[in-house]
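The values are calculated or read from the model by the stated rules, or taken from the named source; none is laboratory data. Worth saying up front: this structure is predicted, and the values here are computed from it rather than measured. Note that each Cβ is placed from the backbone with ideal geometry, even for glycine, and that neighbours are counted across all protein chains shown. Each accessible area value is taken on the protein alone, full model and side chains, heavy atoms only, with ligands, DNA and RNA left out. Shrake-Rupley method; radii C 1.70, N 1.55, O 1.52, S 1.80 Å.
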Amino acid sequence: MAESMKGLKRTHRCTEVSNQNTGETITVMGWVQKSRNKGGIIFVDLRDRSGLLQVIFEEEKCGAESFAKAEKLRSEFVVAITGEVALRAGGINKNLATGDIEIIAKDIRILSESETPPFPVEENSKTKEDIRLKYRTLDLRRADLQRNLMLRSKVVSIIRNFLADEGFLEIETPILNKSTPEGARDYLVPSRVHPGSFYALPQSPQIFKQLLMAAGYDRYYQVAKCFRDEDLRADRQPEFTQIDMELSFVDIEDVLDVNERLLARVFKEAIDVKVPLPIPRMTWKEAMERFGSDKPDVRFGMELVNVTDVVKDCEFAVFKGAIENGGSVRAINVKGQGGMPRKKIDALVDFAKGYGAKGLAYIAIQEDGSLKSSFAKFMKEEEINALVEKTEGKSGDLLLFAADRDKIVFSVLGALRCEMAEQLGLVSKDDYRFLWITEFPVFEWSDEEERYQAMHHPFTMPMEEDLEMLDTDMGKARAKAYDIVLNGVELGGGSVRIHQDDIQEKMFELLGISKEDANDRFGFLLTAFKYGVPPHAGIAFGLDRMIMLMTGADSIRDVIAFPKIKDASCLMSNAPDKVDEKQLKELCIEVVNEQ
């Protein structure tokens, strides 16, 4: 039967004890990691969030009652143990922070017993993730997950302290908002008081932080919970956390400067990684041309090569058709993989198709200099040689080609170079390479809707020198927008906002948003701007992604206490779930089953 504390106080966490405490009587509390009865002596590994500590029970030292309790201990029992700190009698365990000491138990209280756990609580668990997520409380006892969440807490503290020193105010913005559909789908919350009306959970605090600038708060930040009803990936969840900020009377350089110093402080103090400043910058156009991505991983080469000019007059139908349709032909050189088996190359073709490619052409340069190619028979020898030269192909290299519209070619080769780097072990999780991506297009073309859409949002300021393009060639206009990228992952992004009425009206017009629609969706923001608004800019970091990269985790699920799975459900709580008919009736909602 579980015992109560009865006024007993914990004096130390497990790893707060050291050989400096030798001879002291202390009280520690935690979970039993392991118990070993060696006949007359019982060894217990006690665990709390700080780590492990060995405790020894000997009947003549702890008494028959305590020894009898110790004999009952199993994994995950919760106990309080009082004993004397002693130097370890056996060999030192160099794998433990407390490996040179042990506690000679005098008394024990069993605070809670445990059933046999469905899986062992251990680091780098091999238990299937769905089982671990169902029993998430047990999973969170693992030392590796606890380190992740403690690092997360430390990072947030560093950020708060830094931003406070820089004159930022932490201000909370509403969770229950008006729905302003733009981009991802909103999560909707029905109103009982206003039947038939709905709140929306915030996808970001964007409008409210701009309102705070209009209200004169100058520098705002928030550790903001955000929600998006979209398909999930390893680095995406339906609810996530942003480090959100906005600044008044600033331009691009001011925002980048304070955030570079913030990142340098966080990485140095949290994981002792020095971030060289200033962080390198690359325009969106250069990033797409060189890496096929606006979040390029620059830890390795394998850059894209545009070979359109080389093949523009060839008779190979795939290349010819792509060029005639306004597309391009580009390649990557995978060094040292010319001998790759055909089966593996076919797998790369399937991989490319997953990113929209119709196929993938290749030239494999053998060690003796001979060529194996999927398309050489359709081209002249001098054209093939020109391709090899353009891509700097050498003996033993594998040249991979994609031909289509630029958007597809970039997507295919951008993903393919990262896939090959992963397969070939070209990247290290301990190598942190930051990069600013700047000068994004203001608009991007949507094939589905057959119109231009805002690449970021309709409040993003175009570059002043490109304002005339809004009337003449809107697709080429560049935005005063910026993303911070780390190791091929977009950590955050932001922009200078529009604060001039005429430019904002022009943006709405170009996006097909009428004055009536604009007032309906953003009226409270536009009204506030009528009474004097300063130039302002901001940025938001994905906290979950940042911690994922700092810890080397494979998924943000490993750095969030209670994550969802790919269908946005929680295996532990079974959310979302059905609700009582009475609740639905109060909300004037009827659930209709799809036929």
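Structure values in brief
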item	result
Failed item in (1) surrounded by fewer than 16 Cβ atoms within 10 Å (Cβ to Cβ); (2) in contact (Cβ under 8 Å) with a residue 12 or more places away in the chain, with Val28 passing the rest	(1)
Lys320 vs. criteria under 20 Å from Ala415 (Cα atoms), open to solvent by 60 Å² or more (accessible area, probe 1.4 Å) and not in a strand (DSSP E or B)	no
Pairs, first in contact (Cβ under 8 Å) with a residue 60 or more places away in the chain in segment 548-559, second among the polar types (S, T, N, Q) and surrounded by 21 or more Cβ atoms within 10 Å (Cβ to Cβ), C-beta under 7 Å, six or more apart	Thr551/Asn148; Ala553/Asn148; Ile556/Gln237; Asp558/Asn148; Val559/Asn148
For Arg74: the one exception among (1) surrounded by fewer than 16 Cβ atoms within 10 Å (Cβ to Cβ); (2) among the basic types (Lys, Arg); (3) part of a helix (DSSP H, G or I)	(3)
Residue match in segment 111-121 (condition: outside any helix (DSSP H, G or I) and of a type in the set (A, V, I, L, M))	yes
Enumeration of residues in segment 393-447 that are hydrophobic (A, V, I, L, M, F, W, C), over 24 Å from the mean Cα position of the chain (by Cα) and more than 30 Å from Met463 (Cα to Cα)	Leu398, Leu399, Leu400, Phe401, Ala402, Ala403
Verdict on Arg147 being touching a helix residue (DSSP H, G or I) at 6+ places or on another chain (Cβ under 6 Å), of a type in the set (Lys, Arg) and assigned to a helix (DSSP H, G or I)	no
Given (1) over 35 Å from the mean Cα position of the chain (by Cα); (2) part of a strand (DSSP E or B); (3) in contact (Cβ under 8 Å) with a residue 24 or more places away in the chain, number of the condition Leu8 does not satisfy	(2)
Given (1) surrounded by fewer than 17 Cβ atoms within 10 Å (Cβ to Cβ); (2) among the charged types (D, E, K, R); (3) at pLDDT 95 or above, number of the condition Lys94 does not satisfy	(3)
Filter result for Glu465 (of a type in the set (Asp, Glu) and closer than 30 Å to Asp431 by Cβ)	no
All positions within segment 422-441 that are within 28 Å of Ala357 (Cα to Cα) and in contact with a Gly (Cβ under 9 Å, 6 or more places away or on another chain)	Leu424, Leu426, Val427, Ile437, Phe440, Pro441
Any hit, segment 43-66, residues being assigned to a helix (DSSP H, G or I), of a type in the set (Ser, Thr, Tyr) and at negative phi	yes
Flag for Thr460 being open to solvent by 30 Å² or more (accessible area, probe 1.4 Å), under 29 Å from the mean Cα position of the chain (by Cα) and either on the phi > 0 side of the Ramachandran plot or of a type in the set (Ser, Thr, Tyr) (or both)	no
Enumeration of residues in segment 511-548 that are assigned to a helix (DSSP H, G or I), aliphatic (A, V, I, L, M) and buried (at least 19 other Cβ atoms within 10 Å of the Cβ)	Ala518, Leu525, Leu543, Met546, Ile547, Met548
Matching option when the condition is closer than 28 Å to Lys564 by Cβ and open to solvent by 40 Å² or more (accessible area, probe 1.4 Å), among Asp130, Asp139	Asp130
Members of segment 386-439 found to be of a type in the set (Gly, Ala, Ser), surrounded by fewer than 18 Cβ atoms within 10 Å (Cβ to Cβ), in contact (Cβ under 8 Å) with a residue 12 or more places away in the chain and not in a helix (DSSP H, G or I), listed by number	Ser395, Gly396, Ser428
